[in-house]
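Heads up, the thing below is written out as structure tokens.
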Amino acid sequence: MSQTTVYDKLWNSHLVKQNADGSALIYIDRHILHEVTSPQAFEGLRIAGRKPWRLDTNLATPDHNISTDPAERAAGVAGIPDNTSRIQVQTLDDNCDHFGIKEFKMNEMGQGIVHVMGPELGATMPGLTVVCGDSHTATHGALACLAHGIGTSEVEHVLASQCLVTKKMKNMRVTVDGILGVGVTPKDVVLAIIAKIGTAGGNGHAIEFAGSVFRDMSIEGRMTVCNMAIEAGARVGLVAVDEKTIEYCRGRKFMPAGESFEKAAEYWRTLVSDTDAFFDTEVHMNGSEIAPQVSWGTSPEMVVPVTGHIPRVEDQTDAVKQKGVERALEYMGLEGGAPISSVAVDRVFIGSCTNSRIEDMRAAAAVVEGRTVSNSIKQALVVPGSQMVKEQAEAEGLDKIFIEAGLDWREPGCSMCLAMNADKLGAGEHCASTSNRNFEGRQGNGGRTHLMSPEMAAAAAITGHIVDVREFTGDQS
């Protein structure tokens, strides 16, 4: 009887060669490129006189460096204010044109954050190996892919050979059962998981997310969770195929159609872990006990429920933790023991590859509709993850809701998730952010990031401070 996990099945079906030293060569089905990690890889191909092995497996789009300001975007690549960023985007365009790689350029329909546009277009589908020069490639694992980030030299290797040298990971299963309460989202679930196991908890593992909470979750919600498997130390996060997966895939641009789709779906249904599959590590949580979460420090594991308090140095059990908390409190400008809801925010960012999909836009709009952004907020950005998300949101009138409430509706891109474009935090500014990392300087030199869900960020925009979104619904049970 088979005792195989989903990860094992994906690995075994793509293994080209297993070496005695533990390294292996696996075949790559889909390679997504962007402007930051691809220039050196393309240059390496030129120097070696090589061409991409399979053009049709590669897909490109700019996302990290592009401006999200509508006026700057209207001017095209020339409108990108930073010279280095402008050169990187132009270089991607030139390289894709030269090598014949399909690229969705800056203002074209289909352009977007790599981990949003890939699944949207059907370029990501169950059973594939998917790589990109970006750590949050794990997002695609929500469709039962073996998906992970790779480095620049590996980008070149995949372009040239359609294969990757890597090592097999251990299996971890995180099971969350129960029913989520009002105001509790996939972002809260994954932040609670990271708070429990720590940012090193998944080191060396591929994490499969299982249990009723994930079965009940939408595919877009599963993408949020898999996206942040990286912040738990894992390289891979994934969810087994179910009928939701198949229906999400149906009819998308790069998906097979008709009888071919049904044959593919028949195979996809096998991408579940066997009943007796062995996992090296098991984690269990009760979803009904999870409250809306918010980060207070400089690591994604530094998280408390919104009803909780900022940790105190003296309450830590060992010297290492004391030092970590002390440094985080100093950087964040916070006082241990204070309610997390007492923290005022200067800026709000709703977007990133974690939370910029249409469901996220709808959820945030529902909170701000009929309300007004606090006068204390310097800026509240809403950045759709792709041109397709933007078009759909505008068709539903979500952009008007945001604008009427005083939020800034932007063009698709990575935006304030990281300090690689014009959307940055100033030193000392606190940001209610739907992104995935709160490291020192992540959103700008000296910037202070508080990770939370789109609903929580929208609520913070209205009140001017971190607040329990359930106050807006009247349900704080």
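Do we have any residue at all in the stretch 401-412 that's without any contact (Cβ under 8 Å) to a residue 12 or more places away in the chain, out of contact with any His (no Cβ under 8 Å at 6 or more places or on another chain) and open to solvent by 40 Å² or more (accessible area, probe 1.4 Å)?
Of all residues in the stretch 401-412, those without any contact (Cβ under 8 Å) to a residue 12 or more places away in the chain come to 403-404.
Adding the requirement that they be out of contact with any His (no Cβ under 8 Å at 6 or more places or on another chain) leaves 403-404.
Among the residues that remain, those that are also open to solvent by 40 Å² or more (accessible area, probe 1.4 Å) are: 403-404.
For the stretch 401-412, residues without any contact (Cβ under 8 Å) to a residue 12 or more places away in the chain, out of contact with any His (no Cβ under 8 Å at 6 or more places or on another chain) and open to solvent by 40 Å² or more (accessible area, probe 1.4 Å): present.
Checked against (1) without any contact (Cβ under 8 Å) to a residue 60 or more places away in the chain; (2) assigned to a helix (DSSP H, G or I); (3) open to solvent by 20 Å² or more (accessible area, probe 1.4 Å), residue 190 meets all criteria but (3). Note on the stretch 173-187: among residues that are part of a strand (DSSP E or B) and open to solvent by 30 Å² or more (accessible area, probe 1.4 Å), the one that is nearest to residue 238 (Cα to Cα) is 173.
With respect to residue 404, is the statement that it is over 28 Å from residue 334 (Cα atoms) and either touching a helix residue (DSSP H, G or I) at 6+ places or on another chain (Cβ under 9 Å) or in a strand (DSSP E or B) (or both) true? Yes, satisfied. Residues in the stretch 1-56 that are crowded, with 20+ Cβ neighbours inside 10 Å, hydrophobic (A, V, I, L, M, F, W, C) and part of a helix (DSSP H, G or I): 6, 10, 11, 41, 42. A count restricted to the stretch 435-467 and to residues that are open to solvent by 10 Å² or more (accessible area, probe 1.4 Å) and farther than 14 Å from residue 297 by Cα stands at 5.
Between 204, 251, 233, which is surrounded by fewer than 21 Cβ atoms within 10 Å (Cβ to Cβ), of a type outside the set (A, V, I, L, M), at pLDDT 95 or above and under 24 Å from residue 433 (Cα atoms)?
233
The values are calculated or read from the model by the stated rules, or taken from the named source; none is laboratory data. Since the model is a prediction, treat every value here as computed from it, not as a measurement. Cβ coordinates were reconstructed from backbone atoms using ideal geometry, including for glycine residues, and neighbour counts include every protein chain displayed. Accessible surface areas use protein heavy atoms only, side chains included; no ligands, DNA or RNA. Shrake-Rupley method; radii C 1.70, N 1.55, O 1.52, S 1.80 Å.
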